[in-house]
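Contents: one structure, followed by commentary.
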Amino acid sequence: MSKFIFTIFRFLIFSLIVYIPLVIIWAEFDRNSFIKKNIQYELTISKPIDSTGKINSYGHMFSRIKELKTFRNIDLLFIGASQAYRGLDTRIFRSAGYNSFNLGSSNQTPLQSEVLLNRYLKELNPKEIIYVVHPEVFSVDGVESTLDIIANDRIDLKIIKLTLSQKNLKLINTLIYASYRDLFNLNKNLNEPVVKRKDTYIKGGYVEKELSYYGYRHFEKSTWEFNRTQFKAFERSLKIISENNIKLILVQAPTPKSFYSSQTNNVDFDNLMKDYGEYYNFNTILNLDDSLHFYDQYHLNQLGVTIFDEKLIEMLD
Amino acid sequence: MIFNSITFAAFFGIFFILYWFVAKKNLSFQNLLVLAGSYLFYAWADWRFLAFLIGVSALNFYLGIHIEKTNNPKYKKLLLYIGLVQGVGGLAFFKYFNFFITSFNDVFQSLNFNINLHILNIIIPLGISFFTFKTISYILDVDKGKIEATKDWVVFFNYVSFFPTILSGPIDSGRMFIPQLQKKRVFDYRQATNGLRQILWGLFKKMVIADNLATITNPIFENHLQLPSSSLLLGAFFYTIQIYADFSGYSDMAIGLGRLIGFNVTPNFNFPLFAQNIAEFWRKWHISLTSWLTEYVFTPLSISFRDLGKAGLILAIVINFTICGIWHGANWTYVLFGFLHGCLFIPLILKGTMNKKKKTTKNKLLPTFKEFLNIAGTFIQVMFLFVIFRAETISNAFHYYLGIFSRSSFPVTEFETKTRTGENFVFIILLLFLLVIEWRGRENQYAIENLGQKYPRIVRFVFYALIIFLIGMYAPTNETPFIYLKF
Amino acid sequence: MERHDKLKQINDIFIDILDNEDILIEENTTAKDIDEWDSLTHIQLVVAIEKKFKIRFTSREIQSWKNVGEMIDCIETKFA
């Protein structure tokens, strides 16, 4: 029996020694090929569409994290998923006198917001936080967004803990590769182009999309199914924010009426959010035009962003 | 808990430690621990039917003892029938009741009577097809004197509920398994490492091969009406490999787990896709089920029909396999599947070659041309019938066949186009890898049992580590898709 | 007929049905000892034996034999 336990132990160590380099070598192959199916290391600087036609990472997270280091003691901090980094234009807030940073990122769910807040809240030291919420982020498992952070930001104990808790092979493999790149500082000299396809990275973390308009589509009725883990992470984030005595405003960004009205539990979501503090659902506050102010069913175009941000600023004052 | 999950790994880890470190001195303690583990496992899967499982075990335990004890032949028969009625009746009710009702309704509807009997909201107790077959074989064996009725209830209850095999088999015969429960298990290094090795290979087959093939075959079967014949053929081809890898992989894990706790569970697969005729196929596919059917269905039937000569054999085989089909589920597709497999035996029975064992020459690198033709021919028969097995209705299966034979090969589908070339390339390599390893290892119980035994252990370690790497790299990961807010 | 004659006759039946001239059975031979003898060929052997000795077995008897010897015992009871 002891021989058995000992052998198993030796084998496990051995496998680890074999596995880790293999993952790293495999990932180096060609970062976007299918040969490495369970590694998804998507630096946002990589080609937006890879050789196989698959659309890759969005959000300019790489640039954002790089720029973040130069910001301190700001007035407003924005967090949330793409509606945050595409919906809150730091230039508009600046002209209203607010020094802001947009820490929104692609697919960001409460699990990732928690990690980002833990890392950067103290340095950024905002007076207020605008947290853009949407039912969808509370209903997914968040694996995609962890992948985003692993690739585009540094590796620390908290992100390792998050990865392990999400129990996903893709995350673990990507974490191994990302740790290697982080350890040897291989991303040091990488640079992300300011303009990528139709997106332009704006100082402060906002991403502006070339102006386009939404084409109407009919939506079947659907209901969001919420994920408890996300709510728990959300509560932990709120706790960090309140412990630092920062004012928090929860905001739901507007979406086209045709889409918004097809979701059946909007009111439930509103009620949930109201329990967490000051919450505004801009679908009910603003009366926007579906075909004029949006570029897809989730996101405002630059015209819509202007209206949204100006109203928000009005409410802040 | 499914075997390839972290929860199960944790459960089994704790169980293993308790079993070999705490319970090791005492047989009763060992058996009680296994029983507790099995009930915990079953309850975790479905607590609602734990009482049912225990009740079935208790009933058959009692019946076994009294069937053996009594001298009154009429009472003996009565007890036997009670057991058979409970077993078959239980299956009929839980698995097939709604099937009977809807079929009944359909028949009457086609005759223009709308009777519309209501189906009930019946939930099927997990593993019922497996443990019922165990209890039925047990009381039949006791009745015929093939086994001594066990007086130890812990032993018997363990036989019925043994957790590595209760959910998906293999179906151990009481004659082979009960004696193992009656002796203290002693830890054996070779047995345990053999078990781990088998589990590893099972994990590979299930997670890398079967689960990935499913991502290809599911869309094909769902959209078969719109696909060209080349895709349909590919779908059938891959599905055959998929179901082999899935089921044999799972059986390997079950057997491996059994080995880790000192039990020799009966084998279930013996490289069936290398069979050279349909009779050999069924000697190698789901062996525990076909052995069961041979002993308790085919043999009595063939004896009763023996005066009918070859026609009698044919009748017995066809009935036998139709029952085999029905066992798989409550759908006419399974009935047809089984029936047609039985029919495939007809040429063999008529030619008298059903029993000729055609072994591929041992240790040869490649099959001979004749062997290859036989293997391919058998594979094709099996592949076509698996379409019926997989289809949701007979009509779907029919349209699938129609699609293969009447539709054109073009346009080619996603699988065949360049956008997925990378992924396809990996798949093909993995399938070739599987083929080579399985062919090489076909004389063993499972493909990698004796792989590399001639070389130093480090070489085998490298190979196993490679398998783990392949699992880590190619097992499906199932995260929830984030549809829009990623943009 | 002597017991060992019966054995020889049964051996001939085995050779014929199982199509293998090298088969040599003894009293304690079981199905495990002969490759071609399984539950499928078993019934053909039984039918041939019944025809040869002009006897009839019951289903229970057929399923009760553990080796060739027991088979012969059963045959002998038919002549008793």
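Listed values, structure above:
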{"read-out": "For B:Ala330: the one exception among (1) of a type outside the set (Val, Ile, Thr); (2) part of a helix (DSSP H, G or I); (3) modelled with pLDDT under 95", "value": "(2)"}
{"read-out": "Matching residues in the stretch A:142-174 - criterion: being within 20 Å of A:Gly59 (Cα to Cα), within 14 Å of another protein chain (Cβ to nearest Cβ) and part of a helix (DSSP H, G or I)", "value": "A:Val143, A:Glu144, A:Ser145, A:Thr146, A:Leu147, A:Asp148, A:Ile149, A:Ile150, A:Ala151, A:Asn152, A:Leu171, A:Thr174"}
{"read-out": "Check on B:Ala43, more than 18 Å from B:Leu257 (Cα to Cα) and either in contact with an Asp or Glu (Cβ under 8 Å, 6 or more places away or on another chain) or in the same structural domain as B:Ser168 (by TED's automatic domain parsing) (or both)", "value": "yes"}
{"read-out": "Among the residues listed as B:Phe321, B:Phe305, the single one being within 14 Å of chain C (Cβ to nearest Cβ) and buried (at least 20 other Cβ atoms within 10 Å of the Cβ)", "value": "B:Phe321"}
{"read-out": "Set B:Glu371, B:Glu295: member being acidic (Asp, Glu), touching a residue at least 40 places away in the same chain (Cβ under 8 Å) and closer than 30 Å to B:Lys146 by Cβ", "value": "B:Glu295"}
{"read-out": "Filter pass, A:Lys47 being surrounded by fewer than 17 Cβ atoms within 10 Å (Cβ to Cβ), within 14 Å of chain B (Cβ to nearest Cβ) and modelled with pLDDT under 90", "value": "no"}
{"read-out": "Scope the stretch B:8-57; condition without any contact (Cβ under 8 Å) to a residue 12 or more places away in the chain, of a type outside the set (A, V, I, L, M) and either within 14 Å of chain A (Cβ to nearest Cβ) or touching a Cys at 6+ places or on another chain (Cβ under 8 Å) (or both); matching residues", "value": "B:Phe8, B:Gly13, B:Phe21, B:Lys25"}
{"read-out": "Conditions (1) surrounded by 23 or more Cβ atoms within 10 Å (Cβ to Cβ); (2) in a helix (DSSP H, G or I); number of the one not met by B:Val265", "value": "(2)"}
{"read-out": "Helices (runs of 4 or more DSSP H) (entirely within the stretch B:1-115) containing at least 3 residues that are at negative phi, of a type in the set (Ser, Thr, Tyr) and at pLDDT below 90", "value": "B:97-110"}
{"read-out": "Tally of residues being of a type in the set (Phe, Trp, Tyr), part of a helix (DSSP H, G or I) and without any contact (Cβ under 8 Å) to a residue 24 or more places away in the chain across the stretch B:434-471", "value": "3"}
{"read-out": "Qualifying residue in the stretch C:1-13 (condition: within 14 Å of another protein chain (Cβ to nearest Cβ) and under 26 Å from B:Leu308 (Cβ atoms))", "value": "no"}
{"read-out": "From the options B:Ser230, B:Ser291, residue that is under 17 Å from the mean Cα position of the chain (by Cα) and among the hydroxyl-bearing types (Ser, Thr, Tyr)", "value": "B:Ser291"}
{"read-out": "Selection within the stretch B:138-192 - within 14 Å of chain A (Cβ to nearest Cβ), among the hydrophobic types (A, V, I, L, M, F, W, C) and surrounded by 15 or more Cβ atoms within 10 Å (Cβ to Cβ)", "value": "B:Phe187, B:Ala192"}
{"read-out": "Pairs where the first residue, in the stretch C:40-57, is under 29 Å from B:Glu280 (Cβ atoms) and the second is of a type in the set (Ser, Thr, Tyr), C-beta under 6 Å, 6+ apart", "value": "C:Ile43/B:Ser302"}
{"read-out": "Residue check, C:Thr41 closer than 17 Å to C:Asp12 by Cα, assigned to a loop (DSSP other than H, G, I, E, B) and among the polar types (S, T, N, Q)", "value": "no"}
{"read-out": "Filtered residue count, the stretch A:63-120, keeping only those that are within 13 Å of chain B (Cβ to nearest Cβ), more than 17 Å from A:Phe282 (Cβ to Cβ) and among the basic types (Lys, Arg)", "value": "0"}
{"read-out": "Matching residues, the stretch C:49-60, being at the interface with chain B (Cβ under 10 Å from one of its Cβ atoms) and part of a helix (DSSP H, G or I)", "value": "C:Glu50, C:Ser59, C:Arg60"}
{"read-out": "Pair list, Cβ < 7 Å and 6+ apart or interchain, from the stretch B:105-132 residues that are not assigned by TED's automatic domain parsing to the domain that holds B:Pro170 to residues that are polar (S, T, N, Q)", "value": "none"}
{"read-out": "Yes/no for B:Ile123 being surrounded by 12 or more Cβ atoms within 10 Å (Cβ to Cβ) and under 30 Å from B:Phe41 (Cα atoms)", "value": "no"}
{"read-out": "Among (1) of a type in the set (S, T, N, Q); (2) more than 14 Å from chain B (Cβ to nearest Cβ); (3) under 23 Å from the mean Cα position of the chain (by Cα); (4) under 20 Å from A:Ser113 (Cα atoms), the one test that A:Thr306 misses", "value": "(4)"}
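The values are calculated or read from the model by the stated rules, or taken from the named source; none is laboratory data. Every value quoted in this text rests on a predicted model; they were computed, and no experiment measured them. Note: ideal-geometry Cβ built from the backbone for every residue, glycine included; neighbour counts use all protein chains shown.
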